[in-house]
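Here the structure comes first, spelled out in structure tokens, and everything after it is commentary.
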Amino acid sequence: MKDENQFRGAGMTSARTRDRLVQLLNDQGIQNTRVLDAIRSTPRHVFVDEALASRAYENTALPIGHNQTLSQPYVVARMTEAILGEGVKRVLEVGTGSGYQTAVLSQLVDSVFSIERLEALYQRARERLRTLGCRNVSLRHGDGFKGWPEKGPFDAIIVTASPLSIPDALLEQLAPGGRLVIPVGERSAQELKLVIREGNQFHAEFLDHVRFVPLLTGRE
């Protein structure tokens, strides 16, 4: 598992700026101190264009090009907190995007496997994560609907775009007792769900109302 302080001091943002964001997340209900520490130590400004760097520590989603977005820190923290548990070591992320969620996860689990459909985002995220020294991350340019069966099963899966229904392939790649966090539904009416596998049964619970870009099949 990575050192949760591995990114501390990266970039030029002040500790006070990051502390304010973490306090806001705590006030909004994020309780896991490991997640809060990972958010604090991850240089979010590295994952957006320079023109948006001054807004990097606001609790808001930001554009990253190609009609994709960097999720707001609260959503990243909420999803991360939901999948963490005893024995969670191998995590699949569907939708690498900027690589920010990937970097947060890399501090909390042994191995992160992340899939990105868009070639340009995949390449950019790979460079950022390499620069930050995320050596426990494996990236793939591919179709998130299919997951990464060769690397499964996974203790947890995070999906950062919204399908209309949960892909069967992702359920099949979830280990017994594993946890899947995924937004589901049309863009105007999405629900963030936590799915837990118990044997061959899957139990879902509602976590929050969210707004993600659609999960598309294929790759570019």
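With the checklist (1) within 28 Å of VAL46 (Cα to Cα); (2) surrounded by 15 or more Cβ atoms within 10 Å (Cβ to Cβ) in hand, flag the one item GLU119 doesn't pass.
Of (1) within 28 Å of VAL46 (Cα to Cα); (2) surrounded by 15 or more Cβ atoms within 10 Å (Cβ to Cβ), only one is false for GLU119: (2).
Only one of (1) closer than 16 Å to CYS134 by Cβ; (2) surrounded by 20 or more Cβ atoms within 10 Å (Cβ to Cβ) is not met by VAL94, so which one is it?
If we test VAL94 against (1) closer than 16 Å to CYS134 by Cβ; (2) surrounded by 20 or more Cβ atoms within 10 Å (Cβ to Cβ), just (1) comes out false.
Which pairs have Cβ atoms under 9 Å, sit 6 or more apart or on different chains, and link a residue in the stretch 174-192 that is farther than 15 Å from VAL75 by Cα to one that is among the acidic types (Asp, Glu)?
Filtered contacts from the stretch 174-192: LEU174/ASP155; ALA175/ASP155; PRO176/GLU198; GLY177/ASP155; GLY177/GLU198; GLY178/ASP155; ARG179/ASP155; GLY185/GLU191.
Checking ALA56 against (1) touching a His at 6+ places or on another chain (Cβ under 8 Å); (2) free of Cβ contacts under 8 Å to residues at least 40 places away in the same chain; (3) of a type outside the set (D, E, K, R): exactly one of these is not met. Which one?
(2)
What is the residue count in the stretch 125-174 for residues that are open to solvent by 20 Å² or more (accessible area, probe 1.4 Å) and not in a loop (DSSP other than H, G, I, E, B)?
Here the count works out to 20.
So which pairs qualify, if the first residue must be in the stretch 36-52 and closer than 16 Å to CYS134 by Cβ, the second must be basic (Lys, Arg) and open to solvent by 10 Å² or more (accessible area, probe 1.4 Å), the Cβ gap must be under 7 Å, and the two must be at least 6 apart or on different chains?
Listed by first residue and then by second, the contacts come to SER41/ARG8; VAL46/ARG128; PHE47/ARG128.
Look at SER138 and say whether it is more than 30 Å from HIS209 (Cβ to Cβ) and modelled with pLDDT of 95 or more. I'd like the intermediate steps shown before the answer.
Numbers: more than 30 Å from HIS209 (Cβ to Cβ): yes; modelled with pLDDT of 95 or more: yes.
It is true that SER138 is more than 30 Å from HIS209 (Cβ to Cβ) and modelled with pLDDT of 95 or more.
The values are calculated or read from the model by the stated rules, or taken from the named source; none is laboratory data. Computed from a predicted model, the values in this text were never measured in an experiment. Cβ atoms come from the backbone with ideal geometry, glycine included; neighbour counts cover every protein chain shown. Calculation scope for accessible area: heavy atoms of the full protein, side chains included, ligands and nucleic acids excluded. Shrake-Rupley method; radii C 1.70, N 1.55, O 1.52, S 1.80 Å.
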